[in-house]
Amino acid sequence: MVTLNEMEPIRRGMGLWTCAVVAGALFGAASRGGAQVRLTYLGTAGWEITDGRTVVLIDPYLSRHRRVIPNDDTLPGDSRPLFTNDDIARSDTAVIDRHIRRADFILLTHTHSDHVLDVPYIALKTGAIVIGTESTHNFLRAYGVPADHILVVKGGEDYALGPISVKVIPSLHGVLWRAPNARPQNPPLPSAVIPADAKATFRMGDLRVEGGTLAYLVRIAGREILAFGSMNYIEREVQGLRPDVALIGAMPERREIYDYTGRLLRALGYPRIVLPTQWDRFNVEYSVSQEPAIQRLESFITEVRRVSPKTRLVVPRYFDPIVVP
Ligand SMILES: [Zn+2]
């Protein structure tokens, strides 16, 4: 297989990634002997989790289309085509091919475009088993992903999948009452679930359907990784989990949720490592500086420190693997 170290790190603009938090490199020293678990940030809510044998992708969205998104307007000077709700949803296959070479499992939290758009291409390219909602299933079937490569879940399942196991956790999507560019009521969402008779191709506006939201606990090589894909959760569904690493949604809409960071970290027993997810400005190319998003993230970092001072919070850099110690 292709290892993470063979992936070309994207370092342009990285000089600005200086946040007052523990750098990913701190965990770079490899432990000898047992399998290493490495997490690699793909941007948005996208991650690759691997122990060097099994590759798990979470919400891999790499196209990063130029598009007005709830928290970020388009970047002045971005000369790429603008995607509106009326435009055909299509992946940037060149950027995907640069970074995604293999996957055994793909876990999807919900069917918004910044989570599922690239999954038909990645699933067909890699032959991975995809786990997700009925809405995810219907979307992928429309693109010809074989039914026996899709595991439809509702939340509550706990599946042994060969070398890994995956607990599926019922969850909630964040609310966008005050996001500057979000107008969730206008126009109304077409339906709650992508329908079973949906046909490719889709327009970007068709992927405003959430289809329900899930979170996942991935057990791999003796480590437990809890992954969210939005800024909300159901406290009783995560109470008592003890993940080594929690990937926690950190966009500003978390403030619409009562004591978001405190309730979650207490329910999880103050995890050793927290990695913010869904925090970056994902409507620009990977090479563009994320400094404004890092500044926006500071309040989340402060919340984590206040609630759980012993937690190591790492701001991930794109395609720079973080080793779980
Ligand atoms: Zn969403």
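The values are calculated or read from the model by the stated rules, or taken from the named source; none is laboratory data. Every value quoted in this text rests on a predicted model; they were computed, and no experiment measured them. Neighbour counts run over all protein chains shown; Cβ positions are idealised from the backbone, glycine included.
Could you go through the stretch 88-110 and let me know if any residue there is buried (at least 21 other Cβ atoms within 10 Å of the Cβ) and not hydrophobic (A, V, I, L, M, F, W, C). Yes, the stretch 88-110 contains at least one residue that is buried (at least 21 other Cβ atoms within 10 Å of the Cβ) and not hydrophobic (A, V, I, L, M, F, W, C). If a residue must be under 14 Å from the mean Cα position of the chain (by Cα) and either at pLDDT below 95 or in a strand (DSSP E or B) (or both), how many such residues does the stretch 246-273 contain? Count: 4. Could you list all residues from the stretch 270-325 that are in contact (Cβ under 8 Å) with a residue 60 or more places away in the chain and at positive phi? Correct list: 278, 319. One residue stands out among those in the stretch 194-226 that are within 14 Å of the ligand (Cβ to nearest atom) and of a type in the set (A, V, I, L, M, F, W, C): the one that is surrounded by the fewest Cβ atoms within 10 Å (Cβ to Cβ), which is 204.
When the stretch 102-132 is limited to residues that are outside any helix (DSSP H, G or I) and under 16 Å from residue 202 (Cβ atoms), the one that is nearest to the ligand (Cβ to nearest atom) turns out to be 112. Quickly run through the stretch 287-325 and pick out the residues that are buried (at least 19 other Cβ atoms within 10 Å of the Cβ), hydroxyl-bearing (Ser, Thr, Tyr) and more than 15 Å from the chain's Cα centre (by Cα). Across the stretch 287-325, the qualifying residue is only 308.
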